[in-house]
Amino acid sequence: MAATDAAWARLQKAGEAARQRRILDLFAAEPGRLDRLAADACGLRLDLSKQPWSLGDFDAALDLARVAEIEAARDRLFAGETVNASENRAALHMALRAPDGADWRDRGVPVSGEVEAVRAQMKAFAQAVESGAKRGVSGEPFKAIVHIGIGGSDLGPRLIWEALRPLNPKIEIRFAANVDPSELAFALAGLEPAETLVVVVSKTFTTQETLANAEAARAWLRDALGPAADAHLVAVSAAPTVAQAFGVPADQVFGFWDWVGGRYSVWSAVGLSCAVALGWAAFEELLAGGAAMDAHFRAAPLEANLPVRLALAHLFNRNILSRPIRAVIPYAQRLRLFPAFLQQLEMESNGKRVTEAGAPVARATAASVFGDAGTNGQHAFFQALHQGTDVVPVDFVAVAEPREGDPAAHVKLLANVIAQAEALMVGRSAGEVREELTAKGASAEEIERLVPQRTFPGDRPSGFILMQALTPRTLGALIALHEHKVFVEGVLWGINSFDQWGVELGKALASRILPELEGKASNPHDPSTADLIGRLKSK
Ligand code: F6P
């Protein structure tokens, strides 16, 4: 403990110096900076040289990781020990993407056999649907999947589908997560029940939103196809008997386990819709990309370890320079849902205020994450990133090779992402603005009036993830990189990254308020809450 406190203190001290210098100057002062702060693994290049740390700070951060025994914690995670103490669970999502023949254990109990059995069930189902061997009750091949689930049962599959979907899919996926009936209405609009599979994904099979949507989708199927319609239902759940009781045929229930956290579950049967609509080979490649990142995280020394590096860069901004927000901007339309995926991964995992032992945390935890696809974000919130009063570190994600459309447009996209990272760091000085305005023939009075408006402070940090190509494999690596990054942060903060008690209170209160809105109950509330209930309850 004393050693970690000392390492934190050294890093805090480094922060004082970081406030007094500019990132750009570090490139001149530190030969070899780029080489040390950029690293490659699993088809990803992670450049952290535009972060505010010096090479000495980077070493101090690595030292913190070392004395905090990240490697031992990582080994406990991979060994299937109880890393989620408040729920008495291991966290073994890595077992889901390991190739056949592996030997993963949940607190000593082998799990790989079951994992492989469900994977074989998924493969057979995906191939049967894709080939048309498996058809709807009236003999039609399936052309659409309505994927119903929320949170971790939605965000991963949605991201993967958007990222990898073919331009003209043979089978398309529509998603419904929100209990707002509008989303399901749009998901079902224009679909033929006879050609549609409804895949209900819920680890618990108790989630209000998912059950409401599942009931409505089942009614939509039954209205059109009669009682045989339940053959179009598929379920993915760690509570298979509840799914069967809902009406899902037993051979269409795909299991998973309590050691798979919702936000880490896309590698399990939760990804079934994607496995069907993208094809089994693509899904296997996604798993292989995740497994490659696992192998890297497990074996690479801390200084070359991408998840460790990314965690330390984020921690330097969050804890040492007190920056509570981070923007994530994928310059790839196909990755536009990546920020939303990361919001759950990071904020549900690490948005904690007490340690595993129940004591208040010593430091700020998860930053708030937001973002949108570039270049769109440039025309929305980048003004604040460049000239706002708060420094918001940005993580850029770019893809070197174009995928579809005009390759020249892709080059424009790349020009923009490089330019934004450069602009944030370099800025534009008052002198440069004056020169530019003078060259344009502006009057002295006009120049002085405009200089403060057109000056960019610069020195705004960013990280850059460059993917050579957006493939199932690199996407798998990108997701797993962030999963492990979150784990490393959790260890450094001393929190449990795998529970989510903070989502429970709102759920409980919603169940209490629902009968009040339906006019069936009345409970005491504060005046504001009581007013809202009064205004919105069914008359
Ligand atoms: O939002 C809370 C949460 O429990 C998430 O952790 C989870 O991903 C989501 O709800 C959905 O849960 P389930 O898969 O059990 O329906």
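Setting aside same-chain residues fewer than 8 positions from LYS537, which aspartates and glutamates have a Cα under 20 Å from its Cα?
By straight Cα distance, LYS537 reaches ASP180, GLU209, GLU516, GLU518, ASP526.
Going Cα to Cα from LYS170, which aspartates and glutamates come in below 20 Å? Please leave out same-chain ones fewer than 8 positions away.
The qualifying aspartates and glutamates are GLU130, GLU140, GLU162, GLU192, GLU195, GLU284, GLU285, GLU404.
Placing +1 on the Cβ of each Lys and Arg and -1 on the Cβ of each Asp and Glu in the chain, which of GLN20, LEU155, ALA133 has its Cα farthest towards the positive end of the resulting dipole?
GLN20
Could you give the length gained by full extension between ASP258 and LEU517, i.e. 0.36 nm per residue of separation minus their alpha carbon distance, to one decimal place?
Details: separation 259, 0.36 × 259 = 93.24 nm, distance 3.39 nm.
Additional length available on full extension: 89.8 nm.
Projecting each Cα onto the charge dipole of the chain (Lys/Arg +1, Asp/Glu -1 at the beta carbon, about the Cα centre), which of SER268, ALA291, GLN378 comes out farthest on the positive side?
GLN378
Rank PRO457, SER443, MET467 by how far each Cα sits towards the positive end of the charge dipole of region 421-517 (+1 on Lys, Arg Cβ; -1 on Asp, Glu Cβ) and give me just the farthest.
Sorting the options by dipole projection puts first MET467.
Once you list every other residue whose beta carbon is under 10 Å from the beta carbon of ASN319, what net charge do they have if Lys and Arg are +1 and Asp and Glu are -1? It would help to have the intermediate numbers written out before the result.
Details: positive: ARG318, ARG323, ARG363; negative: GLU489.
With Lys, Arg at +1 and Asp, Glu at -1, the net is +2.
When only C-alpha pairs under 8 Å and at least 6 residues apart count, what is the relative contact order of region 203-259, in percent?
Numbers: 63 pairs, mean separation 18.9, N = 57.
Normalised by residue count, the contact order of region 203-259 is 33 percent.
Taking a probe of 1.4 Å, how large is the accessible area per residue of region 1-105, in Å²? Before the final figure, lay out each step's value.
Numbers: 4710 Å² over 105 residues.
Roughly 45 Å² per residue, with all protein chains present.
Once you charge only the Cβ atoms, +1 for Lys and Arg and -1 for Asp and Glu, what is the size of the charge dipole of the chain about its Cα centre, to the nearest 20 debye? Kindly include the intermediate steps, with their values, before the conclusion.
Numbers: 55 positive and 64 negative charges, 82 e Å.
Dipole magnitude for the chain comes out near 400 debye.
Rolling a 1.4 Å sphere over the protein heavy atoms, what is the accessible area per residue of region 231-304, to the nearest Å²?
Working: 1970 Å² over 74 residues.
On a per-residue basis, 27 Å².
Among 276-284, 124-132, 484-492, how do they line up by average Cβ neighbours within 10 Å per residue, starting with the highest?
Details: 276-284: 21.1, 124-132: 16.7, 484-492: 24.4.
Descending packing order for the listed peptides: 484-492, 276-284, 124-132.
What's the FRET efficiency of VAL137 with GLU114 using the Cβ-Cβ distance as r and R₀ = 30 Å, to the nearest 0.05?
Approximately 0.50, to the nearest 0.05.
Hey, which of these cross-link pairs are over 27 Å Cα-Cα: LYS13/LYS352; LYS134/LYS203; LYS143/LYS412; LYS50/LYS485?
Working: LYS13/LYS352 25 Å; LYS134/LYS203 25 Å; LYS143/LYS412 35 Å; LYS50/LYS485 19 Å.
The answer is LYS143/LYS412.
Can you give me the accessible area per residue for region 391-457, using a 1.4 Å probe, in Å²? It would help to have the intermediate numbers written out before the result.
Numbers: 3750 Å² over 67 residues.
Per-residue value: 56 Å².
In percent, what relative contact order does region 349-457 have, based on Cα pairs under 8 Å that are 6 or more apart in sequence? Mind showing how you got there, number by number?
Working: 59 pairs, mean separation 24.1, N = 109.
RCO, region 349-457: 22 percent.
Which of the lysines could a cross-linker span from LYS539 if the Cα-Cα distance has to be under 25 Å and same-chain partners fewer than 8 positions apart are dropped?
Reachable lysines: LYS507, LYS520.
Ranked from highest to lowest mean number of other Cβ atoms within 10 Å per residue, what is the order of the peptides 501-509, 383-391? Show your work: numbers first, answer last.
Working: 501-509: 10.8, 383-391: 13.3.
Averaged packing, sorted descending, gives the order 383-391, 501-509.
Please give the net charge around PHE58, taking every other residue with its beta carbon less than 14 angstrom from that of PHE58, where Lys and Arg add +1 and Asp and Glu add -1.
-1
From a point 7 Å beyond the Cα of ILE533 in the direction of its Cβ, which residues of region 491-526 have a backbone N at a distance under 18 Å?
Correct set: 505-526.
Using only the Cα atoms of region 396-486, what semi-axes does the equivalent ellipsoid have when each is the square root of 5 times a gyration tensor eigenvalue? Give whole Å, largest first.
Values: eigenvalues 295, 61, 9 Å².
For region 396-486, the semi-axes come out at 38, 18, 7 Å.
Relative contact order for the chain using alpha-carbon pairs under 8 Å, separation at least 6, rounded to a whole percent? Please list the in-between numbers first.
On the way: 904 pairs, mean separation 97.4, N = 539.
The value is 18 percent.
Say a paramagnetic label sat at a point 7 Å from the Cα of GLU215, along Cα to Cβ; which residues of region 501-515 have their backbone N under 20 Å from it?
Residues passing the 20 Å test: 507-515.
For the chain, state the semi-axes of the equivalent ellipsoid (square roots of 5 times the eigenvalues of the alpha-carbon gyration tensor), sorted largest first and rounded to whole angstrom. Working shown, then result.
Values: eigenvalues 348, 156, 133 Å².
Result for the chain: semi-axes of 42, 28, 26 Å.
With every protein chain left in place and a probe of 1.4 Å, what is the accessible surface of SER86, to the nearest 10 Å²?
60
Quick one: net charge of VAL361's neighbours, Cβ under 15 Å, K/R +1, D/E -1? Before the final figure, lay out the partial values.
Numbers: positive: ARG318, LYS352, ARG353, ARG363; negative: ASP5, GLU356, GLU489, ASP499.
Net of charged neighbours comes to 0.
Multiply the residue separation of ALA228 and ALA72 by 0.36 nm, subtract the distance between their alpha-carbon atoms, and state the gained length in nm to one decimal.
Working: separation 156, 0.36 × 156 = 56.16 nm, distance 5.32 nm.
That pair, ALA228 and ALA72, stretches by 50.8 nm at full extension.
Of the heavy-atom accessible surface of the chain (probe 1.4 angstrom), what whole percent is carbon and sulfur? Intermediate values should be presented prior to the final figure.
Details: 12550 of 22690 Å².
Result for the chain: 55 percent of the exposed heavy-atom area is carbon or sulfur.
The values are calculated or read from the model by the stated rules, or taken from the named source; none is laboratory data. Bear in mind the structure is a predicted one, so any value in this text is a computation, not a measurement. Glycine also receives a Cβ, built like all others from the backbone with ideal geometry; neighbour counts cover every protein chain displayed. Remember, those area values only see protein heavy atoms, side chains included, never the ligands or the DNA or RNA. Shrake-Rupley method; radii C 1.70, N 1.55, O 1.52, S 1.80 Å.
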